[in-house]
Structures are given as structure tokens and as C-alpha cells.
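Report on the following structure.
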Amino acid sequence: MSDSVFLQEITDFTEALAREAGELIRHEREENTLRTDYKHQTELVTHADVMADEFITGTIRERFPHHRILSEETMPDLSQAEELETPLWIVDPIDGTVNYAYGHPQVAVSIAYAEKGNVRAGVVHAPFAGETFRATEGCGATLNGLPVRHSGATNPRQSLFATGFPYTKDNLEPLVQRLNAMIHQCRDLRRIGSAALDICWVACGRLDIYYENVSPWDFAAARLIAKEAGATVGHFGEVPEGYPADLYGRDILISAPAIWEAVRAILRTASNYD
Ligand code: IPD
Ligand code: CA
Ligand code: CA
Ligand code: CA
């Protein structure tokens, strides 16, 4: 089987899996029997996060028993991502758990497939919106089967910016300084509550800029979707030697290409930042 046929099959499998998991979490919320717990401080987890995680990782393991899996709720061991020779799946069963628990619609299932640390296929499915973003490396990005493209924004001042805040509230001051600068120098700010959807919304032009410090399961699939939609993707801070940015780049900045450098300069000037 050629590499491109294999990748299309992987993407089809990923989309089917994300849609099934989406049905599961939709059903669990509609049944109105959500059980929530605290992971730490303010971070919620519901029984549906764990159910969807077990369903997705179990299905991947059945189909690809030799692949590795990095998944927020049941396999969050980042050392999984360090052994680059075996394919790796990166899973966020519910991105936007707080939205999910409060009955908001901005919720996504995010599943990415990586080889040698490079994400080659990704799906972000938003079950309450009926929207599925999908990308295969080198083949562009789609929303419900139709190609998507970044906004083409050319001026930060006329750009809509999205971000998020960490659950851990220690040392928020540098972030507050950066956001203060962005509020003054961009059109407006959105805090949607799902990093994967924020990034996909940059991919399809509903947002111009996204910046946040997030984990690989939050961004892996959406990052490829944004790249394939022509957006510029980059990270702050050093990614250690031998650790691919697709998985280890933390502070992530994604935007329409013409404004990326200018936005990076705003963020860097606001607080000491490499
Ligand atoms: C969170 C969401 C949120 C972002 C947080 C993430 P979760 O993921 O993506 O938008 O601001 O940093 O942790 O916990 O809902 O999967
Ligand atoms: Ca997440
Ligand atoms: Ca999650
Ligand atoms: Ca979480």
C-alpha cells in the first residue's frame, strides 16, 4: 500500500473514531447524569472524559496493537512521545471539559496520528456543532468535507485574537502582561474554552490569531489542520534537541501568515520571552 493511501485510511479511521466518541459524549450529556470530579485546583474531569478516553484508546489499541498512545485522561505519560520510531496517537477525548460540564457547545474530540514525532493526520470533531475538521499531511484541511483557509489578515489591529488560561493559577503575571498588550493592539479577544477549536477556527478564518501554553493533546491534531490551511504555526521557548515541535512546542502562536511576526513581537515585548 502506498504511503498516501495508507495516510488517507488512517485519516478515515481517525474521523470515524472521533465521530463515534462525539456521539458518546453527546449522549452522556443529554442523559443528564454527568458526574464531575476535580483533578486539581480548578481542573474538572467528568465521567464522560474517562469513558471517551477509554473508548478511543481501546479502539486504537485493537486496530494498531503495536502503536503507542498519549491520551489526556488514561495515558498522559509524555515519555510515550520520546520514543520516535513507533507511530504515536495523541488523543484529547474532550477538549473543553469546562464547557462540556456547563452545557456549552464549544467542545471537541481531538485525535492525531504521528510518525517520527511529526503529526501526519488529525481530526477535531465538535459534536454539538456538527462540525468536523480534518487534515492529512500535504493534502490541505477541510471542514465537513469542504476546504478551509486562514483569514488572510494583514494587520494585528484588525485581528481577532483567541487565547486561554491555565488551570493552575500560579505566576499568571507574565501572561497577564502579554494579554494586556494584545488587547491594546488587536481588535478584540475571545476565550472559547477549547484549544483545539480555537486553532481550527484560525484555520478556517473565524479567528485571526491564537496563542496559549497548552499540552500536546490540546493542539496536535489542530496544529496540522492550521498548517494545512496555510496558517503560520510557531512556538516560543526552546524545544529540547531531538524533541519535535509537533509534540513538544509549548507556548504556541498560530495566525494568518502576514501578521505572525508582528504578533510575536507584541507578545515578546510585553514580557521577557524568547
Ligand atoms: C483545556 C481547553 C482550554 C485551554 C486549557 C486546556 P481540557 O483542555 O483546551 O481551552 O485553555 O489550557 O487545558 O482540559 O478541556 O481538555
Ligand atoms: Ca484539552
Ligand atoms: Ca480534555
Ligand atoms: Ca483537562
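Here are a few things to note about the model shown:
- Out of Leu78, Leu24, sole residue that is more than 14 Å from ligand 1 (Cβ to nearest atom) and more than 30 Å from Lys169 (Cα to Cα): Leu24
- Filter pass, Tyr211 being part of a strand (DSSP E or B) and more than 24 Å from Thr11 (Cβ to Cβ): yes
- When Leu84 is tested against (1) away from ligand 4 (no atom under 12 Å from the Cβ); (2) among the aliphatic types (A, V, I, L, M); (3) touching a residue at least 60 places away in the same chain (Cβ under 8 Å); (4) touching a Leu at 6+ places or on another chain (Cβ under 7 Å), exactly one condition is not met: (4).
- Test: residue in segment 92-101 that is assigned to a loop (DSSP other than H, G, I, E, B), more than 13 Å from ligand 2 (Cβ to nearest atom) and either among the basic types (Lys, Arg) or at pLDDT 95 or above (or both): no
- Taken together, the residues in segment 67-81 that are touching a residue at least 12 places away in the same chain (Cβ under 8 Å) and assigned to a loop (DSSP other than H, G, I, E, B) amount to 5.
- Within segment 121-166, considering residues that are polar (S, T, N, Q) and assigned to a strand (DSSP E or B), the one farthest from Thr232 (Cα to Cα): Thr132
- Within segment 255-274, the set of residues being part of a helix (DSSP H, G or I) and farther than 17 Å from His150 by Cα comprises Arg264, Ala265, Ile266, Leu267, Arg268, Thr269, Ala270.
- Exactly one residue out of Asn180, Asn171 is modelled with pLDDT of 95 or more, in the same structural domain as Pro257 (by TED's automatic domain parsing) and among the polar types (S, T, N, Q), and it is Asn180.
The values are calculated or read from the model by the stated rules, or taken from the named source; none is laboratory data. Nothing here was measured: the structure is a model prediction, and the numbers come from that model. Neighbour counts are summed over all protein chains in view; Cβ atoms, including those assigned to glycine, are modelled from backbone coordinates with ideal geometry.
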